[in-house]
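Below: the structure, in structure tokens.
The values are calculated or read from the model by the stated rules, or taken from the named source; none is laboratory data. Model, not experiment: these values are computed from the prediction. So basically every Cβ, Gly included, is an ideal-geometry build from the backbone, and we count neighbours across all protein chains shown. Please note that ligands, DNA and RNA were not included when accessible areas were found on the heavy atoms of the full protein model with its side chains. Shrake-Rupley method; radii C 1.70, N 1.55, O 1.52, S 1.80 Å.
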Amino acid sequence: MLMRNSVPTLTIGGFLGAGKTTLVNNLIRQADGRRIVVFVNDFGAINIDHALIETVEEDRIALSNGCVCCSLNDDLVRSMVAFCENDRPDLFAIEASGVADPKALASTLQALQAAGQAHLQSRIYVLDAAHFGGLDYADTEDLIDHAAASDVIVMNKADLVPDARVDEISKLLDRSAPGVVRKVTAQAALSWADAIGPERQSPLEFKPGSPHASHTDFKTVSFENIPPLSERRLGALVELMKETCLRAKGFLRVDGHDETGKRLQLVGRHVDIEHLLAKDVGKPRLVIIGWEMALPVEQVSTILRVGPCPH
């Protein structure tokens, strides 16, 4: 159970340029009497109305509406404890770096929770709908993993893409982050009710039956020394993975094309196949990732004519 004076905490993650700081600004403007302490990486990115600024220090800006912006540094725990002991706020909000795993804050918040000072209220992940398809495989994989471990996914910049693209991303999240609340926004316009969500009783743990995905629900299977595929087999492989896998990446050879090969990347139903010289393909190999109970390992093995690598 949470201690009565424990301060609820929001974490706000997302890839570079997704709209995290815009979301922070929106929440500050909606403070409405709440005393919020916000930890941010870059003061320069915060578009604070100068009329709101009351005092400015080296690592802190106090606003006339009761909010405080602090620089996010290695003394995060010490700073949060100081606020809890001297001038307890109504809420903490932490904007994680655009390249940081927001789950890395868990150990920090666990320590504060154990001391009865602060607890995780909601993990918000901001997804840039306009640039989602332009990320490479590794960045996209990280983005999906971080989103799946969140409580609220803010699909931002939806006004900059066609409705069909929003639907495509939504279908991918239906499979990779089922049960996570999603909000489609322009300019990261999120209400306080949607940001805070319901009160947690066990903030940092997944309860049995929780809709959130645990990493143990995912399975990764690798294949190596894959013989050249016919175009028909390659097409069948792609269609199978589009229906059953969350992500896949591989280097493959095709019958009758001794001097060339292909690099295949799949995220959801989006497939990118790049033609390469044989020397750039190296040893043909494939990695598929998906839900443990649904990953079609035997079917992929049949198409590739090679079994999966042993664990």
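How much length is gained on full extension from residue 42 to residue 114, taking 0.36 nm per residue of separation minus their Cα-Cα distance?
Working: separation 72, 0.36 × 72 = 25.92 nm, distance 2.91 nm.
Length difference between fully extended and current span is 23.0 nm.
Considering only Cα-Cα distances, which of the following residue pairs are longer than 26 Å: 171/219; 242/283; 219/262; 183/219; 242/279?
Numbers: 171/219 20 Å; 242/283 24 Å; 219/262 24 Å; 183/219 28 Å; 242/279 28 Å.
The answer is 183/219; 242/279.
How far apart, in nm, are two points set 7 Å out from the Cα along the Cα-to-Cβ line at residue 142 and at residue 278?
3.6
Applying 1/(1 + (r/R0)^6) with R0 = 22 Å to the Cβ-Cβ distance of residue 302 and residue 270, what FRET efficiency is obtained, to the nearest 0.05?
On the way: r = 24 Å, r/R0 = 1.10.
That pair, residue 302 with residue 270, gives E of 0.35.
Return the distance in nm (one decimal) between the two label points of a simple spin-label model at residue 86 and residue 242, each offset 7 Å from Cα along Cα→Cβ.
6.0
If amide H atoms are built 1.01 Å from N in the plane of the peptide, which residues on other chains or at least 5 residues away come under 5 Å of the amide H of residue 181?
Those lying under 5 Å, H to H, from residue 181 are 153.
Report the label-to-label distance for residue 160 and residue 53 in nanometres (one decimal), using points 7 Å from each Cα along the Cα→Cβ vector.
If labels sit at residue 160 and residue 53, their model points lie 2.7 nm apart.
Not counting ligands, DNA or RNA, and with a 1.4 Å probe, what is residue 192's accessible surface area in Å² rounded to the nearest 10?
20
Kindly state, to the nearest 0.05, the FRET efficiency for residue 170 paired with residue 222, given R0 = 35 Å and r defined as their beta-carbon distance. If you can, show how the numbers build up before the last one.
Numbers: r = 29 Å, r/R0 = 0.84.
That gives a FRET efficiency of 0.75.
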